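**Q** Next up is a structure, given as structure tokens.
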Amino acid sequence: MTFPPTLPSPAAAPADTLSPPPSPTPDPTRRELLAAASLGALGTCLPGDKAAASIAAAAPAGHAPKVLRYALRIAETGFDPARVADLYSRYVTGHVYEGLYGYDHLARPPKLIPLLARELPEHNADHTQWTLRLKEGVHFAPHPVFKGRQREVVAQDMVYALLRFVDPASNSPSVSEIEELGILGLMEHRDAMIKAQKPFDYDHPIEGLRALDRYTLQIRVKHPRPRLPDVLAQGDLYGPVAREVVEFHGGNLMDAPHGSGPFQLKEWRRSSLIVLEQNPHYRERVYDAEPAPDDAEGQALLARFKGRRIPMVDRVELAIIEENQPRWLSFLNRQFDLIFQLPEDFVNQALPNGQLAPNLAKEGIQAWRTLNADVLFTVFNMDDPVVGGLAPERVALRRAIGLGTDVQREINLARRRQGLVAQSYQLPHTYSFDAQFKSSMGEFDPARAKALLDLYGYKDVDGDGWRENPDGSKLELESLTTPDAFQRQIDEIWAKAMTAIGLRIRFKSAKWPENFKALRGGRFQIWSLATSASKPDAQDALTLLDSRHIGSSNYARFRFPPLDALADRANEMPNGPERLAVFREASRIAAAYMPYKFRAHRFFTDMAHRHLIGYRRPAVWQNWWEYVDIDTSALPSA
């Protein structure tokens, strides 16, 4: 998932609630070292946990509408699941749509559970045939095309939803993920439609994708797919869609998302405000979960909410505030209930010495610090004539840029130590991530970077302090960037590091959605962004390097057949030592050819006012609004 990456990950501990320091205060340096050494935990172990007390103390009161308000840091692009790729849009689609499967909200590590399905799917011995049964009596949200009637969700709606991803007219960034499943006859039908230059035929029977009856879906694939349910558990993408709704909107749901999830879109002012309200036709569903026995926070949440009908809030209002300072001040001024990812600029102010600031604690503010399942990276366009390609001098240039990038300085200064240097594409809390793994990807060595550039002909020919290309032509790198102040800090640190090895770089600034369009279209040279896990498995991050995902998640446009073969092997294999070896080999290839410089994994701190109860940052899924409540008696106006 974009943002817009040994043994399986160990059981992850809950994120700790940060509270005022107890007396005496344990050594914060030791705590940070322990957190860095044990990345299986979702949150660092900080003292003074008052999660259980804060949950038990709050209780909803009165009948006033309960409204959840917070701000996104980057603008959305739209809400058609077949067309979105950025994380910020998927926050919304993850609550409008609902998948057949999902994850237990409180279980760590992630535990797959049925949502719209009656139970977990059945499969044959080699995982090439799957049978999925839907619950009866589930309905889509109201829509004028239904003419006042409730429209039930049926198996054919899942067939139609998946077909939309391979319809050429959708230009779906997720088509490669569906293609990778290898559904019998699906891509052959797509290819036939393209060859015939005809509109996609949704009524053509697909051998491997059939509704056997009203509530039973069968999926048959060419090769073993042991983790197919994890793909379908991405409800923000692969939830059922009503065909008549899509046709009503001319085939495009970007401004008219419509699913069977707990919320429906009510208002949208692009890049400014998104408003959602409860879906009045949402099925009967109650709060339930299975947190680990030693998960104090999870057990307290379960005790507080078990059996409550969800969603518990009536309305969600999302502002888009790209600059860190106004977003932070709006939270402090109680315009928002939550700050989702505390800006790094204010970490020292909010959490001095790793403890919640006394003035914030006095206001009843809570904080949770977690190691996110993400990776920051610099991506090189492998089609670019300056930095791209597999020629030795181009590989040397990229590797020199990687060795010359001072990631630890970025973490320490711009990110206020809220991160860990990345060693590969693999993401924390996903299968195969190894906290002890080290590679040249994580090295900072400007002397080696200079030597590498010298060896391959990138020298300062005219004596102006800047290196030229091996043919003597001017060398100037160009990176996309965004106009916010925080990104400028990161750009300045990187530009200084590049200057130190003799490389000149200029920045081309635009809003994030515009840059993302350029990225997908291959109209860029370098950009820095992040990706986060949408499944608890490393296969998802491996698509960054798989050539069949060019135009979607392979942002670098990297083409290397041996890597593609590794991706196929990993996709077909059951979990175990042999599969872990495949992921390790992919990490070696990524470090050798450097289509990306994987930089860091981030710590996120989320903060909430006392009236927001039940919050817990999701591990690898997007839906959480239905699990929180607003204690109206604790609101400032109460």
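**Q** So how far apart, in nm, are the two label points at S473 and T216 if each is 7 Å from Cα heading toward Cβ?
**A** Roughly 6.3 nm, to one decimal.
**Q** Please name whichever of T543, P577, F603 sits farthest to the positive end of the charge dipole of the range 479-620, dipole taken about the Cα centre and charges placed at Cβ: Lys and Arg +1, Asp and Glu -1.
**A** The residue sitting farthest along the positive end of the dipole is F603.
**Q** How would you order 591-598, 337-344, 302-309 from highest to lowest mean count of nearby Cβ atoms within 10 Å?
**A** Per-residue mean Cβ counts within 10 Å order the peptides as 591-598, 337-344, 302-309.
**Q** Right, here's the next one. Amide H to amide H under 5 Å from D537: which residues, 5+ apart in sequence or cross-chain, H placed 1.01 Å off N in plane?
**A** Placed amide hydrogens put Y431 under 5 Å from D537.
**Q** What is the magnitude of the charge dipole of the chain about its Cα centre, with +1 placed on the Cβ of each Lys and Arg, -1 on the Cβ of each Asp and Glu, and no other charges, expressed in debye to the nearest 20?
**A** With Lys and Arg at +1 and Asp and Glu at -1, about 580 debye.
**Q** I've got another one for you. Taking the Cα centre of the range 300-389 as origin and charging only Cβ (+1 Lys, Arg; -1 Asp, Glu), how large is the dipole, in debye to the nearest 20?
**A** 880
**Q** Among K535, K438, rank each residue by its count of other Cβ atoms within 10 Å, from fewest to most, as a rough exposure measure.
**A** Least crowded to most crowded, the residues run K438, K535.
**Q** Now a separate question. If you build the Cα gyration tensor of the chain and take the root of 5 times each eigenvalue, what three semi-axes come out, in whole angstrom, biggest first?
**A** Calculated on Cα positions only, the semi-axes equal 37, 33, 23 Å.
**Q** Sticking with this one: Shape call for the range 76-254 from the C-alpha gyration tensor, a ≥ b ≥ c root eigenvalues: rounded (a/c under 1.5), prolate (a/b greater than b/c) or oblate?
**A** rounded
**Q** In a solvent-free Debye calculation with one equal scatterer on each Cα, what is log10 I(q)/I(0) for the range 197-294 at q = 0.13, 0.23, 0.24 Å⁻¹, listed in the order of the q values?
**A** -0.76, -1.40, -1.43
**Q** What residue among N353, A518, Q436 has its Cα farthest toward the positive end of the dipole of the chain, where the charges are +1 on Lys, Arg and -1 on Asp, Glu, each on the Cβ?
**A** N353
**Q** A further question follows. Could you pull out every one of the lysines with an alpha carbon less than 30 Å from that of K147, ignoring same-chain neighbours closer than 8 positions?
**A** K66, K135, K266
**Q** What list do you get for F380, F583 if you sort them by fewest beta carbons within 10 Å?
**A** F583, F380
**Q** Give me the distance between the Cα centres of the range 376-436 and the range 237-304, rounded to whole Å.
**A** Going from one Cα centre to the other spans 35 Å.
**Q** Something else now. Please get the size of the charge dipole for the range 76-116, origin at its Cα centre, with Cβ charges of +1 on Lys and Arg and -1 on Asp and Glu, quoted in debye to the nearest 20.
**A** In debye, rounded to 20, the range 76-116 gives about 180.
**Q** Please quote Rg/Rh for the range 130-185 to two decimal places, taking the Kirkwood radius as Rh and restricting both calculations to Cα atoms.
**A** 1.06
**Q** Using +1 at the Cβ of each Lys and Arg and -1 at the Cβ of each Asp and Glu in the range 76-254, identify which of Q156, L87, A233 lies farthest towards the dipole's positive end.
**A** Of Q156, L87, A233, it is Q156.
**Q** Same structure again: How large is ³J(HN,Hα) for each residue in the range 460-469, as worked out from phi by the Karplus curve 6.51 cos²θ - 1.76 cosθ + 1.60 (θ = phi - 60°), to whole Hz, x for Gly and Pro?
**A** Listing the rounded values in order: 7, 6, 9, x, 8, x, 10, 6, 9, 5 Hz.
**Q** If the chain between V275 and T499 were fully stretched, how many nm would it gain, using 0.36 nm times the residue separation less the Cα-Cα distance?
**A** 76.1 nm
**Q** Test of understanding: ordering S271, S174 by Cβ neighbours within 10 Å, fewest first, what list do you get?
**A** Going from least to most buried by this count: S271, S174.
**Q** May I pose another question? Determine, from the Cβ-Cβ distance of A391 and Q325 and an R0 of 41 Å, the FRET efficiency 1/(1 + (r/R0)^6), rounded to the nearest 0.05.
**A** Step by step, r from the Cβ atoms, then E = 0.40.
**Q** Next up: What is the list of residues in the range 473-497 whose amide nitrogen lies under 18 Å from a point 7 angstrom out from the Cα of A518, following Cα to Cβ?
**A** The answer is 476-492, 494-495.
**Q** Turning to a different aspect of this structure: Which ³J(HN,Hα) values in Hz, rounded to whole numbers, follow from the phi angles of the range 123-138 under the Karplus curve 6.51 cos²θ - 1.76 cosθ + 1.60, where θ = phi - 60° and Gly and Pro get x?
**A** 8, 7, 5, 9, 6, 10, 9, 10, 10, 10, 10, 8, 5, 8, x, 8
**Q** Based on the Cα atoms of the range 374-602, what semi-axes does the equivalent ellipsoid have, where each is the square root of 5 times one gyration tensor eigenvalue, given in whole Å with the largest first?
**A** Working from the Cα gyration tensor, I get semi-axes of 28, 19, 17 Å.
**Q** On a full-extension model of 0.36 nm per residue, what is the gain between E284 and V67, subtracting their alpha-carbon distance, rounded to one decimal in nm?
**A** 76.1 nm
**Q** Mind scanning K508/K535; K438/K597; K459/K496; K508/K597; K474/K511; K496/K597 and naming the pairs with a C-alpha gap bigger than 21 Å?
**A** Beyond 21 Å: K508/K535; K474/K511.
Coordinate-derived values only; no laboratory data. Nothing here was measured: the structure is a model prediction, and the numbers come from that model. Neighbour counts are summed over all protein chains in view; Cβ atoms, including those assigned to glycine, are modelled from backbone coordinates with ideal geometry.
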